[in-house]
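Encoded as structure tokens, the structure appears first; notes follow it.
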Amino acid sequence: MKPALLPGATLGVMGGGQLGRMFIHAAQTMGYFTAVLDPDAASPAGRVSHHHIATDYLDPQGLAQLAGLCDAITTEFENVPAPALALLADSKPVSPAASAVAIAQDRAQEKAHFVRCGVPCAPYAVIDTPEQLAAVDEALLPGILKTTRLGYDGKGQARVATRAELASAWAAMKNVPCVLEKMLPLAAECSVIVARGADGQMVHLPIQRNLHRDGILAVTEVYAENMPAAQVNSALAAAKSIASGLQYVGVLCVEFFVLQDGSLVVNEIAPRPHNSGHASLDCCDVSQFELQVRTLAGLPLVQPRQHSPALMLNLLGDLWFVRSEQSTTPPWAEVLALPGAHLHLYGKATASKGRKMGHLTLTGPTVEAVRATALQAAALLG
Ligand code: ADP
Ligand code: MG
């Protein structure tokens, strides 16, 4: 085992969005120096990091500069080119590894990995060629056609009920490689965040129940009472088997569907902290970002403990336009007068509809108290 990188070392992150920003905050809190590579000169993480390299993700000079500054490097951005991570790994420790990120970036490879791990996922077919399209099993309809790469927040997807709709949806996606997934009867969605060290040790955050609106995460509830213990245990076992199967080092989010018969199927994975894990900043004694720092630095992993029930509301740019077509600031003072309200804004200069501007986590002594303040917050905001 390599010795841990102790505070005073420099940790780097590929990508400068809000996830990178919260990683930087956690690293700096623990006494690390930080570096961000992101082409946007005003990126949320770049603005708070000790160093910001504003080049393209594949720029050889930018990558060399990042490797020169840092003792270890991670990623916050799912679509960071895997070859950039592989290049960095020639000179510095990089986690998660490019090979694991490459699998998470490709829905077909991701599903093949679930099958290898023996974890159930939705029935699916890979559609790369017209022959594969023609051979699709009727039993997969109605289904959802998803591009294998670069989809997020419901983008790059089409719901199709018939073969004709499937064919025209694939044409509309310019015949890029896709997977067709059978539409499943969902009762709920949930996610689990695991952190795995280089020695194989794993810890996890409490299970999170997620509600989406228009394909974007809207609300996450983190209550122990949320799900039957058998479901929680099966989600944890599946998440751990997916992480071990990848020889994963870092923070991994595994998203699940809970079907109407109570069974769980895995939906997708994200090789980084995840929007659904943000409440851990305020309701657990170790956040997903501290776990990312610990796995990257090779520090001990201690099982996080949840100290409060919590509910997280995503704050989309739409909130800036609720009262008029003009951008106006939401009523933060009133929101912050609520007990147990924790406001996180990502430092994005301009709000636009659908843009993730921040999140609000509500904690309290009981689930009922948290739900009541969340309703008050939602009324103030919307
Ligand atoms: P994204 O990468 O955009 O998050 P997902 O594959 O997670 O894409 O799909 C977005 C949402 O669409 C899911 O959270 C779920 O609500 C719904 N969805 C996706 N696949 C299925 C499916 N096979 N059956 C039913 N609903 C689905
Ligand atoms: Mg998803």
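The values are calculated or read from the model by the stated rules, or taken from the named source; none is laboratory data. Predicted model only: the values in this text are computed from it and were never measured. Every residue, glycine among them, receives a Cβ derived from its backbone with ideal geometry; neighbour counts consider all protein chains shown.
Residue by residue through segment 236-262, note down the ones that are among the polar types (S, T, N, Q) and within 15 Å of ligand 1 (Cβ to nearest atom).
Within segment 236-262, just 260 meets the criteria.
Give the residue that is nearest to ligand 2 (Cβ to nearest atom), with candidates limited to residues of segment 244-267 that are buried (at least 20 other Cβ atoms within 10 Å of the Cβ) and farther than 23 Å from residue 311 by Cβ.
Checked segment 244-267; the qualifying residue nearest to ligand 2 (Cβ to nearest atom) is 266.
In segment 159-203, which residues are in the same structural domain as residue 275 (by TED's automatic domain parsing), away from ligand 1 (no atom under 15 Å from the Cβ) and outside any loop (DSSP other than H, G, I, E, B)?
Of everything in segment 159-203, those that are in the same structural domain as residue 275 (by TED's automatic domain parsing), away from ligand 1 (no atom under 15 Å from the Cβ) and outside any loop (DSSP other than H, G, I, E, B) turn out to be 193, 194, 195, 196, 202, 203.
If the requirement is being among the small types (Gly, Ala, Ser), outside any strand (DSSP E or B) and surrounded by 20 or more Cβ atoms within 10 Å (Cβ to Cβ), which of these qualifies: 374, 379?
The unique qualifying residue is 374.
Can you find, within segment 28-84, the residue that is farthest from residue 249 (Cα to Cα) among those that are touching a residue at least 60 places away in the same chain (Cβ under 8 Å) and of a type in the set (D, E, K, R)?
Among those that are touching a residue at least 60 places away in the same chain (Cβ under 8 Å) and of a type in the set (D, E, K, R), it is 47.
Is there any pair with a first residue in segment 212-235 that is within 16 Å of ligand 1 (Cβ to nearest atom) and a second that is part of a helix (DSSP H, G or I) whose Cβ atoms are under 6 Å apart and which are 6 or more apart or on different chains, and what are they?
What qualifies is 217/275; 220/276.
In segment 291-308, is there at least one residue being surrounded by 13 or more Cβ atoms within 10 Å (Cβ to Cβ), closer than 17 Å to residue 279 by Cα and in contact with a Lys or Arg (Cβ under 9 Å, 6 or more places away or on another chain)?
Scanning segment 291-308, I find at least one residue that is surrounded by 13 or more Cβ atoms within 10 Å (Cβ to Cβ), closer than 17 Å to residue 279 by Cα and in contact with a Lys or Arg (Cβ under 9 Å, 6 or more places away or on another chain), so the answer is yes.
Limited to segment 122-153, what total is found for residues that are surrounded by 12 or more Cβ atoms within 10 Å (Cβ to Cβ) and small (Gly, Ala, Ser)?
Residues in segment 122-153 being surrounded by 12 or more Cβ atoms within 10 Å (Cβ to Cβ) and small (Gly, Ala, Ser): 4 in total.
Quick test of your reading of the structure: residue 43 fulfils all but one of (1) assigned to a loop (DSSP other than H, G, I, E, B); (2) in contact with a Leu (Cβ under 9 Å, 6 or more places away or on another chain). Name the failing condition by number.
So residue 43 meets the others, but not (2).
What's the number of the only condition in (1) within 13 Å of the chain's Cα centre (by Cα); (2) surrounded by fewer than 24 Cβ atoms within 10 Å (Cβ to Cβ) that residue 273 fails to meet?
Single failed check for residue 273: (2).
Is it the case, given these coordinates, that residue 197 is away from ligand 2 (no atom under 16 Å from the Cβ) and among the small types (Gly, Ala, Ser)?
In short, yes.
If I filter segment 109-116 for residues that are within 11 Å of ligand 1 (Cβ to nearest atom) and closer than 28 Å to residue 86 by Cβ, do I get at least one hit?
Within segment 109-116, one or more residues are within 11 Å of ligand 1 (Cβ to nearest atom) and closer than 28 Å to residue 86 by Cβ.
Name the single residue that is nearest to residue 207 (Cα to Cα) among those in segment 154-193 being of a type in the set (Ser, Thr, Tyr) and surrounded by fewer than 18 Cβ atoms within 10 Å (Cβ to Cβ).
Restricting to residues being of a type in the set (Ser, Thr, Tyr) and surrounded by fewer than 18 Cβ atoms within 10 Å (Cβ to Cβ), the top hit is 162.
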